[in-house]
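Below is one structure, written out as structure tokens; comments come after it.
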Amino acid sequence: MKIGVMLRDALRRLLGRPLTIGYPLKPERPATPRGYRGMIAYDWETCIGCMLCLKVCPSGAVSVADRRKVTFDVGRCIFCGQCAEICPVGAVRLTSEFEMVAVDRSAYRVGPRW
Amino acid sequence: MELHLATAASAPIVLLVSLVYEGVDRKLRARMQGRVGPPLLQPFYDLVKLFSKDRIIPFTAAYPLFNYAPLLSASCALAGGALVFVVLVTGLQLAGDLLLVFYLLSSSSLLAMVGGASSGNPYAAISLSRGLSVLLSYKLPMLLSVLTAAIKAGGTLSLASVIALQAEAGGGIATLSLGGALALLAFMLCMPAEGEVPPFDVTTAKTEVVHGFLIEYGGPHLALVKIAKGVSRFSTALLAASLFLYTPARPPLAAMLCLLEAMCIAVLTITVPGTVLGRVKPSQVVRFCLVAPTSIAILSLAISLLEAGGLA
Ligand code: SF4
Ligand code: SF4
């Protein structure tokens, strides 16, 4: 009987350890898989202002900032990683940070900090 | 007058216990699915959140019905549950209170559905038509099994006499007689339909009617409908516990035991099926309820009539 199988599985799960972990993530944070594309990190001092990232970004999340630097709008970003791949000096990186909830939009603007 | 006061005083208790059951339900359900699940107090947080939101009333809604039905529905459910609780604690004799509880709990489901359907949303209308047929099909066997308990208690329709009988006999009707056990079985088979959980959740099926009559409700309205639903679920379980599984003890202890039993009944008949079973079609719900629990309930009624020695 299918119901029997379901019941058995449910009981097993009930008695075993859950597969998920509680949130907020204390004490331990789960390890992200290799190559995970999370929050954007921008090293504006290394950036040479070639604007290649702005060209390749499919979602238009990159815009020109003052003094030939760029600003990333994480709210529009789709985390495709194109910008990080094309940057000739490695100034853009997609980190393993996945908790990106914010109450303020300015948290989603990653740009130069003069 | 005292009855009114007692009922009003025990309504918060019933609400509290129903919400605790809902927390237990959500936690157990999550664990059976391999999730950590929300904290036990999540239903309370949910209510606080919902009550702090704005009311939204659609253009197409029939305003008075849409706006006040949730409140009425919640009050009916609370009154029904509180009445059972009061009788359990005080042993108050009230002629016909079994029917009154039944009436209040049915009105609660009905009002919530009608209120939702008056939003003008077609999904809510479909949900109402489904809900009415399901309601009619499972209330019949439920009522029949309640009648079995009433016949056991010498043909009265007062919950207190059924409880008194069990206290005298030294055990629950379901544990002492075949008729009672069958009646409890029929009652429990109807519980998933009462709780609107799989396999009988055709009224509020997300993937079919997009939450059905709940579709246009949000904020305080939704909170009230949720209260109504949670309380009537738990009160039905409490009714089953006090009608069929009453354990004789001193009144406060007996009421506690009944609450505990109600919790177990609700877990068995709402949480477990809700987790492991899939949804059936509306026509299958009606057919099932009108065949399996109804025939069991009729059988139990016949057996108890024989045991009682005629239509006394
Ligand atoms: S990850 Fe993709 S979407 Fe995001 S900024 Fe870079 S190129 Fe644009
Ligand atoms: S591709 Fe790299 S160097 Fe070029 S503008 Fe973008 S971040 Fe700066």
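The values are calculated or read from the model by the stated rules, or taken from the named source; none is laboratory data. Note that the coordinates shown come from a computational prediction; the quantities given were computed from them, not determined experimentally. Virtual Cβ from ideal backbone geometry, glycine too; neighbours counted across all protein chains shown.
Of all residues in segment A:58-70, those satisfying the criterion of being more than 9 Å from ligand 2 (Cβ to nearest atom), more than 14 Å from A:Met39 (Cα to Cα) and not in a strand (DSSP E or B) are A:Pro58, A:Ser59, A:Gly60, A:Asp66, A:Arg67. State all residues of segment B:14-28 that are within 14 Å of another protein chain (Cβ to nearest Cβ) and within 23 Å of B:Leu239 (Cβ to Cβ); if no residue qualifies, say none. Correct list: B:Val24, B:Asp25, B:Arg26, B:Leu28.
Results for (1) hydroxyl-bearing (Ser, Thr, Tyr); (2) farther than 12 Å from B:Ser300 by Cβ, shown as yes or no for each residue.
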| position | (1), (2) |
| --- | --- |
| B:Ser145 | yes, no |
| B:Ala149 | no, no |
| B:Ala153 | no, yes |
| B:Ser177 | yes, no |
| B:Ala193 | no, yes |
| B:Glu196 | no, yes |
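Scanning for something part of a loop (DSSP other than H, G, I, E, B), under 18 Å from the mean Cα position of the chain (by Cα) and either more than 13 Å from chain B (Cβ to nearest Cβ) or within 13 Å of ligand 1 (Cβ to nearest atom) (or both), does segment A:17-27 turn up at least one residue? Scanning segment A:17-27 turns up no residue that is part of a loop (DSSP other than H, G, I, E, B), under 18 Å from the mean Cα position of the chain (by Cα) and either more than 13 Å from chain B (Cβ to nearest Cβ) or within 13 Å of ligand 1 (Cβ to nearest atom) (or both).
Can you say whether B:Arg31 is within 14 Å of chain A (Cβ to nearest Cβ) and assigned to a helix (DSSP H, G or I), as far as the supplied structure shows? When the stated conditions are applied, B:Arg31 passes them.
Identify, from the list B:Leu99, B:Leu16, the residue that is in contact (Cβ under 8 Å) with a residue 24 or more places away in the chain and in a helix (DSSP H, G or I).
None of the other options fit; the residue is B:Leu99.
Would segment B:195-204 turn up any residue that is in a helix (DSSP H, G or I) and either out of contact with any Gly (no Cβ under 7 Å at 6 or more places or on another chain) or at pLDDT 90 or above (or both)? Checked segment B:195-204: no residue is in a helix (DSSP H, G or I) and either out of contact with any Gly (no Cβ under 7 Å at 6 or more places or on another chain) or at pLDDT 90 or above (or both).
Scan segment B:67-95 for residues that are part of a helix (DSSP H, G or I) and within 19 Å of B:Ser242 (Cα to Cα) and report the count.
The total comes to 14.
Taking segment A:83-110 as the range and being part of a helix (DSSP H, G or I) and away from ligand 1 (no atom under 11 Å from the Cβ) as the test, the residues that pass are A:Arg105, A:Ser106, A:Ala107, A:Tyr108.
Would segment B:52-63 turn up any residue that is touching a Lys or Arg at 6+ places or on another chain (Cβ under 9 Å) and either within 14 Å of another protein chain (Cβ to nearest Cβ) or not aromatic (Phe, Trp, Tyr) (or both)?
No, because not a single residue in segment B:52-63 is touching a Lys or Arg at 6+ places or on another chain (Cβ under 9 Å) and either within 14 Å of another protein chain (Cβ to nearest Cβ) or not aromatic (Phe, Trp, Tyr) (or both).
If you filter segment A:62-82 down to residues that are near ligand 1 (Cβ under 7 Å from one of its atoms) and out of contact with any Ser or Thr (no Cβ under 9 Å at 6 or more places or on another chain), you find that the one that is farthest from the other protein chains (Cβ to nearest Cβ) is A:Gln82.
Can we say B:Leu83 is within 14 Å of another protein chain (Cβ to nearest Cβ), under 24 Å from B:Leu257 (Cα atoms) and out of contact with any Leu (no Cβ under 6 Å at 6 or more places or on another chain)? Break it down into steps so the answer makes sense when it comes.
Numbers: within 14 Å of another protein chain (Cβ to nearest Cβ): no; under 24 Å from B:Leu257 (Cα atoms): yes; out of contact with any Leu (no Cβ under 6 Å at 6 or more places or on another chain): yes.
Spelling it out, it is not the case that B:Leu83 is within 14 Å of another protein chain (Cβ to nearest Cβ), under 24 Å from B:Leu257 (Cα atoms) and out of contact with any Leu (no Cβ under 6 Å at 6 or more places or on another chain).
For (1) more than 10 Å from ligand 2 (Cβ to nearest atom); (2) among the acidic types (Asp, Glu), each residue gets a yes or a no:
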{"residue": "A:Ile3", "(1), (2)": "yes, no"}
{"residue": "A:Arg17", "(1), (2)": "yes, no"}
{"residue": "A:Pro33", "(1), (2)": "yes, no"}
{"residue": "A:Asp43", "(1), (2)": "no, yes"}
{"residue": "A:Phe72", "(1), (2)": "no, no"}
{"residue": "A:Gly81", "(1), (2)": "yes, no"}
{"residue": "A:Met100", "(1), (2)": "yes, no"}
{"residue": "A:Asp104", "(1), (2)": "yes, yes"}
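The single condition among (1) part of a helix (DSSP H, G or I); (2) more than 21 Å from the chain's Cα centre (by Cα) that B:Cys264 does not satisfy is (2). For the structure I just gave you, tell me whether A:Pro88 is over 30 Å from B:Pro198 (Cβ atoms) and within 13 Å of chain B (Cβ to nearest Cβ). Answer is no for this residue.
Taking the condition of being touching a helix residue (DSSP H, G or I) at 6+ places or on another chain (Cβ under 8 Å), assigned to a helix (DSSP H, G or I) and more than 13 Å from chain A (Cβ to nearest Cβ), how many residues in segment B:34-51 meet it? Write out each step before concluding.
Step one: filter segment B:34-51 for residues touching a helix residue (DSSP H, G or I) at 6+ places or on another chain (Cβ under 8 Å), giving B:34, B:36-44, B:46-47, B:50-51.
Going one step further and asking which of them are assigned to a helix (DSSP H, G or I), we end up with B:42-44, B:46-47, B:50-51.
Remaining after also requiring more than 13 Å from chain A (Cβ to nearest Cβ): B:43-44, B:46-47, B:50-51.
Residues flagged as touching a helix residue (DSSP H, G or I) at 6+ places or on another chain (Cβ under 8 Å), assigned to a helix (DSSP H, G or I) and more than 13 Å from chain A (Cβ to nearest Cβ) within segment B:34-51 amount to 6.
Looking at B:Val87, is it at pLDDT below 95 and over 12 Å from the mean Cα position of the chain (by Cα)? So B:Val87 fits the description; yes.
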